[in-house]
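Read through the structure below, which is laid out as structure tokens, and then see the notes.
Just so it is clear, none of the values below were taken in a lab; they were calculated from the coordinates. Everything numeric here is computed off the predicted structure, so don't read it as measured data. Neighbour counts run over all protein chains shown; Cβ positions are idealised from the backbone, glycine included.
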Amino acid sequence: MINGALWVLGCQLVGEVVARWLDLPVPGPVLGMVLLFGVLSVRRPGQQSGTLRVADGLLRHLQLLFVPVTVGIMVHAGTIRQEWLPVTGGLVLSWAAGLVTVAGLATLLVRRRGAADESLSGESS
């Protein structure tokens, strides 16, 4: 499990270093997640991973990760109150963009799966 935690933290560190070194507009932990995804994708299929146990532990205590966000909202409540229109607009637009993206991807994947199913059924006939 310690090995898995080191992989998670190491990928986050590498992502942070790369983001700062290349002056990217993407947060370092996001790059670290992409790197961790790549590392986990190339490992052998039957291999047990301590990283998965660490991820399960983090997911069990996910509510604790919302505490800093809540404190930040409370600290900046005055600013949010003054700038409610841009904040609300940003929230609604980001929600709509996410919804459209997921709907588009779902439609694409359903069509692709339907085409694959048709080609499989056509080959077996």
For this session: With Kirkwood radius over Cα pairs in Å in mind, check (i) 18.9; (ii) 14.4; (iii) 18.3 and report the label derived from this structure.
Result: (i)
Exercise. Where q = 0.17 Å⁻¹, what log10 of I(q)/I(0) comes from the Debye formula for segment 66-125, counting one point per Cα?
Worked result: -0.74
Seminar exercise, completed: Out of Gly114, Gly98, Gly38, a Gaussian network model of the chain with alpha-carbon springs under 10 Å gives the largest mean-square fluctuation to Gly114
Problem set entry | Candidates Arg112, Arg20, Arg60, ranked by Gaussian network fluctuation over the chain, Cα under 10 Å, top entry | Arg112
Problem set entry | Pair Thr70, Val87: separation of 7 Å Cα→Cβ label points (nm) | 1.7
For this session: Given the options Arg113, Arg53, Arg81, state which has the largest fluctuation in a GNM of the chain using a 10 Å cut-off (strictly under) for Cα springs.
Result: Arg113
Exercise. What do you get for Rg/Rh of segment 1-60 when both radii come from the Cα atoms and Rh is the Kirkwood radius?
Worked result: 1.03
Seminar exercise, completed: Note: Ser94 to Leu62 extended length (0.36 nm per residue) minus current alpha-carbon separation gives 9.3 nm
For this session: Starting at the first residue of segment 66-81, write each ³J(HN,Hα) from the Karplus equation 6.51 cos²θ - 1.76 cosθ + 1.60 with θ = phi - 60°, in whole Hz, x for Gly and Pro.
Result: 8, 4, x, 5, 5, 5, x, 5, 5, 5, 9, 4, x, 5, 5, 5
